[in-house]
Amino acid sequence: MASFWVSAGIGGGLGAGYGGMAYVMGRLALRHERQRFLALCMGGMLLRMVGMLVAVGLVAALAPVRPAPFAAALVGALLCSLAAEVLMLHRRSTCAGA
């Protein structure tokens, strides 16, 4: 069984990777018109969620992590990245003041 910090690091790393992908997809989506923007945001979110589900399943099956620190770090990183994504999209969108 991995140590507390290794388990938390793996969970936090997965969450940070998710946040990085969200940032890249958000920046890409903001370059397009409104309908394409929505399709890129929702499609990107769907792909990220499926990828995260697969990654968490693989880690749970193959890596000897402690469930509590892994889950706590993963959820914390996901919540922080979600808040950052919403703020980034809101601040950079052209209709933010409307």
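Of F4, F70, the sequence from fewest to most neighbouring Cβ atoms within 10 angstrom is F4, F70. Calculated on the Cα set of the chain, radius of gyration then Dmax: 15.5, 52 Å. Please work out the C-alpha center-to-center distance from the range 29-47 to the range 52-86 and express it in whole Å. With the range 29-47 and the range 52-86 each reduced to a Cα centre, they are spaced 24 Å. Computed from the C-beta positions of H32 and R91 and an R0 of 25 Å, the FRET efficiency is 0.90 to the nearest 0.05.
Taking 18 Å as the cut-off, the amide N atoms of the range 45-74 that come nearer than this to a point 7 Å along the Cα-to-beta-carbon line of V24 belong to 45-56. Calculated mean residue ellipticity at 222 nm for the chain: -29500 deg cm²/dmol, from DSSP H runs with n ≥ 4 weighted as -39500 (n - 2.57), summed, divided by the residue count and rounded to 500. FRET efficiency for the A2 to A55 pair, using the beta carbon distance and R₀ = 22 Å, is estimated at 0.85.
Bear in mind these aren't lab numbers, they're just calculated from the coordinates by the rules spelled out. In this text the structure is predicted, and so the values were computed from the model without any measurement. All Cβ positions, even for glycine, are placed from backbone atoms using ideal geometry, and neighbour counts span all protein chains on display.
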